[in-house]
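Below is one structure, written out as structure tokens; the observations come after it.
The values are calculated or read from the model by the stated rules, or taken from the named source; none is laboratory data. Everything numeric in this text was worked out from a predicted model, so none of it was measured. With ideal geometry, Cβ positions are generated from the backbone for all residues, glycine too; neighbour counts draw on all protein chains shown. Heavy atoms of the whole protein, side chains included, go into the accessibility calculation; ligands, DNA and RNA do not. Shrake-Rupley method; radii C 1.70, N 1.55, O 1.52, S 1.80 Å.
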Amino acid sequence: EDQVTQSPEALRLQEGESSSLNCSYTVSGLRGLFWYRQDPGKGPEFLFTLYSAGEEKEKERLKATLTKKESFLHITAPKPEDSATYLCAVQGAGSYQLTFGKGTKLSVIP
Amino acid sequence: DGGITQSPKYLFRKEGQNVTLSCEQNLNHDAMYWYRQDPGQGLRLIYYSQIVNDFQKGDIAEGYSVSREKKESFPLTVTSAQKNPTAFYLCASKRDSYNSPLHFGNGTRLTVT
């Protein structure tokens, strides 16, 4: 059974204070690891897909990295508009569905 | 703009009534999904469909039903058999069943009293 654990559950940062969110996973044959951003009352917004260990992807202040056991979402010099819940999900080999973690709620204080 | 439309945004029902949540996509995606989101829990899969006229149960299908008569549409019915129906429901689609990302609608918040 695929499993995803995200930590911390909640993170408060001062504006400009860089940090990382963690996504640990167990999966039988990784097809893809996905990061999403979710604002309150809205659906998740797709950010990145990572397919293999060592892969990195960047978008503005966000950078996602992947190892064989975990993924990190690095946030550099965050701004208040980066405040949201960040979700991690995996899809394993032979599966048609994604398994989601519970998310990390990020608050960036001005 | 291509996307997924869920309606209505808010829905209120009395206990014992069935209710249908709408999901329409114009992304030409083959696969469509229904998830349920509750506070403090990850998204949980209710049903998914990889092709028209075919669908499979997810992890929490009891008390729910779906249909997939058209590629663009995947309505979810919450029946009176669902014991805790109050939740945030998310519809999603993806281009294929391999490893393309899910794209989500903006959800329907259902409250049953």
- Query: Before we move on, is A:Leu21 more than 10 Å from chain B (Cβ to nearest Cβ) and in a strand (DSSP E or B)?
  - Reply: yes
- Message: Restricting to the stretch B:49-94, name every residue that is without any contact (Cβ under 8 Å) to a residue 24 or more places away in the chain and either touching a Gly at 6+ places or on another chain (Cβ under 7 Å) or within 14 Å of chain A (Cβ to nearest Cβ) (or both).
- Response: B:Ile51, B:Asp54, B:Phe55, B:Gln56, B:Lys57, B:Asp59, B:Ala61, B:Ala81, B:Gln82, B:Lys83
- Out of the stretch B:10-48, which residues are within 10 Å of chain A (Cβ to nearest Cβ), open to solvent by less than 20 Å² (accessible area, probe 1.4 Å) and within 13 Å of B:Ala92 (Cβ to Cβ)? B:Ala31, B:Tyr33, B:Tyr35, B:Leu43, B:Leu45
- Task: Look at the stretch B:1-60 and say how many of its residues are charged (D, E, K, R) and within 28 Å of A:Glu9 (Cβ to Cβ).
- Result: 5
- Message: When the residues of the stretch A:83-110 are narrowed to those that are under 13 Å from the mean Cα position of the chain (by Cα) and over 13 Å from A:Gln3 (Cβ atoms), which ends up most open to solvent (accessible area, probe 1.4 Å)?
- Response: A:Lys105
- Message: When you scan the stretch A:54-62, do you find a residue that is at negative phi, touching an Asp or Glu at 6+ places or on another chain (Cβ under 9 Å) and at pLDDT 95 or above, even just one?
- Response: yes
- Note on the structure: Sole miss for A:Lys68 among (1) open to solvent by 20 Å² or more (accessible area, probe 1.4 Å); (2) within 13 Å of another protein chain (Cβ to nearest Cβ) is condition (2)
- Note on the structure: Checked A:Lys42, A:Lys68, A:Lys63 against criteria (part of a strand (DSSP E or B) and not hydrophobic (A, V, I, L, M, F, W, C)); the one match is A:Lys63
- Scan the stretch B:95-113 residue by residue and report those that are within 12 Å of chain A (Cβ to nearest Cβ) and either free of Cβ contacts under 8 Å to residues at least 12 places away in the same chain or within 17 Å of B:Ser22 (Cβ to Cβ) (or both). B:Tyr98, B:Asn99, B:Ser100, B:Pro101, B:His103, B:Phe104, B:Gly105, B:Asn106, B:Gly107, B:Thr108, B:Arg109
